[in-house]
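Worksheet: the structure to be examined is printed underneath.
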Amino acid sequence: MNGAFQAFLQAWLKQFARTLMVLLRVMIPVFLLVSVLEALGWIEIAGRWLAAPLEWVGIGPRAAIALLVGLFAGLYAAIGTMASLGMTPIEVLPVALFLQFAHALPMEASVAHQGGASGWRHALSRLVMGILAAATAPFLARLAGMEPAPAGGPAAPLPAGVAGEAPAFWAVFLQSLVDLGETLVVLVVILAAITLIIQLLEASGWLERWSDAAAPWMGKVGWSGDAALPLVTGLFAGLIYGAGVMIDQFQRGRLKEREGRELFFFLGACHSVLEDPFLFVPVGVGPALLLPVRIVAGGLVLLYLAARQRWSTRTAQPAPLPETRAAESGSP
């Protein structure tokens, strides 16, 4: 009994350490690079430069800064920026819609690359989805009864302390290191739990039975039953954790590269549905507006993948041999 338990424990620790190292090898350098860019003020400068083109989708000058912070650093940093800028709910809405799909892109695209997807294609697809979602903000604002800003009025000024001198480099950078440490602690705890559950399911035979049961549903979009676990993990826990499961499944030889690419495509549209849509409540935008958009986007991705799977199945059917066609036409 002790020998079996030790073998199980060693197999889990080996798999957990291998998956964790793959994620950390990507996450830490990207996080530090983004932290340096933010501390130097380059992200804020880029936000000001992009303010004019972003107004095409209803994102004003102040919101552009928050969008750039979220795009590179993540949702928590974006929400902190929104709060410090004193943005109104109608200013927050298009940014929140955009960032639901496109946040922390350097890190998450790098993780997607490690999981078998193309990093730049993953980032591009999420940017496109973010822009399309932000374009729905005027309709959703009317639906929610939000009051628009007066037309033709001057742009709202940046609050004192934001428009003035930027915070000291080391203050911003050290805060980013604190954020990184907190993120890594959460990542280690959740990833340890996920990999332990996978190991238990595999040792008990439940993983095989679950894969067999899910196979008919997964087959509608061309996936095997083994895609169910990373799909559910990413859908509810988040893309990074779903990627951790995918990497684990790849290493075990249970997932194909194509499945990984398509899973990342879906999770780029619809992931962390129990957390992300609720994060914007403190800045005036709730899940009633954000969650349906994300679910619709995920549904459209699944419909597209299902249609492509049906098309590829039809076109993959072998053409009849020449003599067969001749016999069917009645020619000698």
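A short reminder: the numbers here are calculations on the coordinates, not readings from a lab. These numbers come from a predicted model, not from an experiment. For neighbour counting, all protein chains shown are included, and Cβ atoms are generated from backbone atoms with ideal geometry for every residue, glycine included.
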Give me the net charge of residue 314's neighbourhood, meaning all other residues with Cβ under 15 Å from the Cβ of residue 314; Lys, Arg count +1, Asp, Glu -1. +3
Stretch residue 52-residue 217 to full length: gain in nm at 0.36 nm per residue minus the Cα-Cα span? 54.9 nm
Give me the distance in nm between label points sitting 7 Å out from Cα along the Cα-to-Cβ direction at residue 197 and residue 135, one decimal. 3.7 nm
Protection-proxy order for peptides 181-193, 90-102, each taking the mean of Cβ atoms within 10 Å per residue, highest first: 90-102, 181-193
Report the extension gain between residue 144 and residue 296 in nm, rounded to one decimal, defined as 0.36 nm multiplied by the number of residues separating them, less their alpha carbon distance. 52.9 nm
Using only Cα atoms, what Kirkwood radius does the range 8-74 have, in angstroms? 14.1 Å
Could you give the nm distance between label points at residue 45 and residue 25, where each point is 7 Å from its Cα heading toward the beta carbon? 3.3 nm
With r defined as the distance between the Cβ atoms of residue 308 and residue 209 and R0 fixed at 35 Å, what FRET efficiency is calculated, to the nearest 0.05? 0.75
Can you give the three extents of the C-alpha atoms in the chain along their principal axes, from longest to shortest, in whole Å? 83, 68, 31
Surrounding net charge for residue 268, when Lys and Arg each add one and Asp and Glu each subtract one, Cβ distance under 13 Å: +1
Extension reserve of the residue 10-residue 315 stretch, reckoned as 0.36 nm per residue once the Cα distance is removed: 105.2 nm
Where does the charge balance sit around residue 231 when Lys and Arg score +1, Asp and Glu -1, over other residues with C-beta under 12 Å from its C-beta? -3
Förster radius 25 Å - calculated FRET efficiency between residue 178 and residue 278, Cβ distance, rounded to 0.05: 0.60
